[in-house]
Structure formats: structure tokens, C-alpha cells
1. Under 6 Å by Cβ, and 6 or more places apart or on different chains, what pairs join a residue from segment 52-78 that is more than 24 Å from ALA10 (Cβ to Cβ) with one that is open to solvent by 40 Å² or more (accessible area, probe 1.4 Å) and not in a loop (DSSP other than H, G, I, E, B)?
2. Which of the residues belonging to segment 117-131 are of a type in the set (Val, Ile, Thr) and either assigned to a loop (DSSP other than H, G, I, E, B) or in contact with a Lys or Arg (Cβ under 8 Å, 6 or more places away or on another chain) (or both)?
3. Do you know which residues across segment 12-40 are outside any loop (DSSP other than H, G, I, E, B) and closer than 13 Å to GLY61 by Cα?
4. May I ask you to say which residue of THR53, THR46 is part of a loop (DSSP other than H, G, I, E, B) and more than 19 Å from VAL164 (Cβ to Cβ)?
5. Considering (1) over 14 Å from the mean Cα position of the chain (by Cα); (2) modelled with pLDDT of 95 or more; (3) surrounded by 21 or more Cβ atoms within 10 Å (Cβ to Cβ), say which one THR31 fails and leave the rest.
6. Looking at the structure I just gave you, is ASN124 at pLDDT 95 or above and either open to solvent by 30 Å² or more (accessible area, probe 1.4 Å) or of a type in the set (D, E, K, R) (or both)?
7. Can you name the number of the only condition in (1) among the polar types (S, T, N, Q); (2) in a strand (DSSP E or B); (3) at pLDDT below 95 that THR9 fails?
8. Quick check on THR151: is it at pLDDT 90 or above, out of contact with any Phe, Trp or Tyr (no Cβ under 6 Å at 6 or more places or on another chain) and open to solvent by 10 Å² or more (accessible area, probe 1.4 Å)?
Amino acid sequence: STVAYTATTATTLGTNYWNLNIGTTADGTTTTYTLGSNTTVRNLLTIGNASSTATDTLNGGSYTLTLQGREVQVPMNITTWGAFDGGTGTAKYTRDGVTNIAAATYNNLQFLPGGATGNYILGNNSSQTITVNGNLDIGRDVNGVAIDADTYDPAVTVKGNLTVGYCSASCGANQVTI
């Protein structure tokens, strides 16, 4: 099922969802939604309501946002009217298989497929930027992650530590800045 938060005032979100939509339908009303605990979205997180003209923001606070993407290749969809602010927390992508990583500003970012290899594509369109203000962790000791920075060629900046457990990479014209 899908849970939709459409409040026009600051809202704190819960813990576990299949699909989660956040964003007000009120034109001109910018709203920030904040994680209130560690949160798992098992399928699809959509930030920003397409029928609004105001930008809605999901703030990660100090918590971990786990994006599993069980039936979708893009587990976090940030619309034209949406924004993600990693706060001081961690965004963790755990989908096995092909997964697009949303262009956003993260605090800590983890690519940790749950049981098999992941093929993580950075971005989902050209001319995007992915910023990691904290640490980027790629792969586990046994579950490999292939990183594709070539398909959409985003600008990627990592300001903290880069930890690679098991990974292969395909780099495009842009370089990863660490």
C-alpha cells in the first residue's frame, strides 16, 4: 500500500512503508517533512507532488533512510517539486540488481545490496549532481556492487571517507571528487 503525507506544515514521518509519497498539493506552500526515526521504504519513495508549485523537502534528520526498491529500479524519485536533504543521517540503498541513485545532497550514503550483487547507476538523467557531505560506503565483503557513473555522467563529490568493501566501477567524463 501507499502512504501519502500531504500536510502543509512541518511533519515528522514514521518508520516502515511499502510506498511513501510526500508533498503538499497546496500551491505555493513549501513544506519540510523530517524522519522521526530510522525509516525503511520497501519499494518507492516519491518526494514532491507533481500537482503543486512549491518545493517539498524530505530531511533525513539524524536517522537512517533505507531504500529497498523491491519492485522498482528507482527507489527514490525526486520530482521537479521535491528535494532531499540528508541532514546528519544516512541514506542506504539495499536493492539487488540494477538501481538508479537519486541525484541529491546526502550526508552519509551507502550502497549495500541485501543478498546478491547490485548494479548501481549514479543519477537518472544527464546534468545531475550527487553530493555526499559525509562518508560513502560501497559494497560489503561478499556482496559486490558495480558502480556506473558513465550512463548519466553526473558530477559526484564525496567530502568524507570512501570505503569500498567490494566494487567495480565504470567512470564517465566527470571524475569522482574526494
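1. GLN68/ARG42; ARG70/ARG42; VAL72/LEU44; GLN73/VAL98
2. Passing the criteria: THR117, THR131.
3. At the first step, the residues of segment 12-40 found to be outside any loop (DSSP other than H, G, I, E, B) are 12-13, 16-22, 32-35, 39-40.
Those that are outside any loop (DSSP other than H, G, I, E, B) and closer than 13 Å to GLY61 by Cα: THR12, LEU13, THR32, TYR33, THR34, LEU35, THR39.
4. Among THR53, THR46, only THR53 is part of a loop (DSSP other than H, G, I, E, B) and more than 19 Å from VAL164 (Cβ to Cβ).
5. Here THR31 meets the rest and fails (2).
6. It is false that ASN124 is at pLDDT 95 or above and either open to solvent by 30 Å² or more (accessible area, probe 1.4 Å) or of a type in the set (D, E, K, R) (or both).
7. (2) is the only condition that THR9 fails.
8. Numbers: at pLDDT 90 or above: yes; out of contact with any Phe, Trp or Tyr (no Cβ under 6 Å at 6 or more places or on another chain): yes; open to solvent by 10 Å² or more (accessible area, probe 1.4 Å): yes.
Spelling it out, THR151 is indeed at pLDDT 90 or above, out of contact with any Phe, Trp or Tyr (no Cβ under 6 Å at 6 or more places or on another chain) and open to solvent by 10 Å² or more (accessible area, probe 1.4 Å).
The values are calculated or read from the model by the stated rules, or taken from the named source; none is laboratory data. Quantities reported herein were computed from a predicted structural model and do not represent experimental measurements. All Cβ positions, glycine included, derive from the backbone under ideal geometry; neighbour counts span all protein chains shown. All accessible areas refer to the heavy atoms of the entire protein, side chains included, with ligands and DNA or RNA removed. Shrake-Rupley method; radii C 1.70, N 1.55, O 1.52, S 1.80 Å.
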